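Have a look at the structure below, then the notes.
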Amino acid sequence: IKTIGVLTSGGDAPGMNAAIRAVVRTAINKGLKVKGIEKGYNGLINNEIVDMDKHSVSDIIQKGGTILYTARCLEFMTEEGVQKAVENCRKAGIDGMVVIGGDGSFRGAQKLAAHGINTIGVPGTIDLDIACTEYTIGFDTAVNTAMEAIDKIRDTSTSHERCSIIEVMGRNAGYIALWCGIANGAEDILLPERYDCDEQAIINHIIEGRKKGKKHHLIINAEGIGHSTGMARRIEAATGIETRATILGYMQRGGSPTCKDRMYASIMGSYAVDLLNEGKSNRLVAYKNGAFIDYDIDEALAMKKDINEYEFDVSNLLSR
Ligand code: ADP
């Protein structure tokens, strides 16, 4: 490997910049050249490829988002699109690639690897929904941002003796909801993996709480369940308690990454370059049982992940 490319793809996540910086600095310090590809796979197809040096990643470790921009690229889902991308890689002299993104992005990485570009994936998503790893870049910042916002909403909810439904992100996964649910001391935590659509149980829980003198009732709802506004309307009608829905939305994806996200992103970015240097391809960097490891992408994408049962039980015990 002489020249590696780096790109970010799919949804952005805080800490992606720290990962880009780690890839660039590690590669250059180990004698490789680095090119940055802008806007994910779009940039590979449209030749938006820039030379990167150590200076091009100065002053970015503390910044949210991604300096390489990110995008979803439909053309890359076609064989012609992949061909174009591979040709552009060859023209730019890129023989290794680091793809920072989620499961979708890794399916793209598989295609590059199958066409002879040594490709390594780094997990970057706030949703924590990548099966082979216990950690994804951006999750820690996102849960901290959401937790702080929920604390603020809780203050006004208590003052007005309201019920609050707060909808957090996570796509089809409930990790952000579970973590905030526990960390914010919510009365109900609704996870797509476990939700039984029993609104009456929530309503009963609110009424019981009110009888016991509770000043508020905090419900954390996951994006994968959604419909928070309708739920609030129905709960208010059934309980007579003023109920408001807040959808936190994109604020959870932005902001300066936490120490943990910067640290893990730095190690994972460096690790990806080491794998390329060892001649590896079609691998994913992961964190498991306290160690940084790597998996074959095909194997990793076939793995399944679920909410930790013990954490789920604890969340139920603490919300009652
Ligand atoms: P994430 O990486 O966060 O899961 P997406 O699922 O939107 O985000 O995927 C990001 C991009 O990865 C897509 O826009 C597309 O360019 C590429 N991609 C996803 N699936 C495939 C696939 N099966 N083949 C090739 N490229 C893919």
Amide H neighbours of MET97 at under 5 Å, excluding residues fewer than 5 places away on the same chain, with H built from the backbone geometry, are GLY5, ASN118, THR119, ILE120
Find the centroid of the Cα atoms in the stretch 88-123 and in the stretch 301-319, then give the distance between the two in whole Å. 32
Give the share of C-alpha pairs in each 10 angstrom bin for the stretch 206-317, from 0 to the last occupied bin, in whole percents, shortest bins first. 10, 23, 28, 19, 14, 5, 1
For THR70, what residues show an amide H to amide H distance below 5 Å, using hydrogens built from the backbone and excluding near sequence neighbours? LYS39
The chain, helix-only ellipticity at 222 nm - DSSP H runs n ≥ 4, -39,500 (n - 2.57), divided by all residues, nearest 500: -13000 deg cm²/dmol
Calculated from backbone phi, Karplus (6.51, -1.76, 1.60) coupling profile of the stretch 305-310 in Hz, x at Gly/Pro: 9, 9, 3, 5, 5, 5
Taking the alpha-carbon distance from LYS39 and a cut-off under 18 Å, which aspartates and glutamates remain once sequence neighbours fewer than 8 residues away in the same chain are dropped? ASP12, GLU48, ASP51, GLU75, GLU87, ASP103
Go through the stretch 222-231 residue by residue and turn each phi into a ³J(HN,Hα) via Karplus (6.51, -1.76, 1.60, θ = phi - 60°); whole Hz please, and just put x for glycine and proline. 8, 3, x, 9, x, 6, 5, 5, x, 4
Can I get the semi-axes of the chain's equivalent ellipsoid? Compute them from the C-alpha gyration tensor as square roots of 5 times the eigenvalues, in angstrom, largest first. 42, 18, 17
With springs only between Cα atoms under 10 Å apart, run a GNM on the chain and tell me which of GLY240, GLY124, GLY104 wobbles the most. GLY240
Helix axis angle, 79-91 relative to the chain longest principal axis, alpha carbon, degrees: 50
Amide H neighbours of THR243 under 5 Å, at least 5 residues apart or on other chains, H built in the peptide plane: list them. CYS163
Straight-line reach from LYS215: which lysines have Cα under 26 Å away, leaving out those fewer than 8 places along the same chain? LYS152
Cα centroid separation - the stretch 204-266 against the stretch 1-75, whole Å: 35
If the reach is capped at under 17 angstrom between alpha carbons, list the lysines near LYS91, excluding any in the same chain fewer than eight residues apart. LYS2, LYS33, LYS35
Rounded to the nearest 10 degrees, what's the angle between the helix 139-159 long axis and the longest principal axis of the chain, both from Cα atoms, 0 to 90? 20
Would you kindly derive the ³J(HN,Hα) couplings of the stretch 24-34 from the backbone phi angles with the Karplus curve 6.51 cos²θ - 1.76 cosθ + 1.60 (θ = phi - 60°), listing them in order in whole Hz, with x for Gly and Pro? 5, 5, 4, 4, 5, 5, 9, x, 9, 9, 10
When the chain is modelled as a GNM with alpha-carbon springs shorter than 10 Å, which of GLY138, GLY269, GLY116 fluctuates the most? GLY116
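Each reported figure results from applying straightforward, stated rules to the coordinates on display, with no laboratory input. In this text the structure is predicted, and so the values were computed from the model without any measurement.
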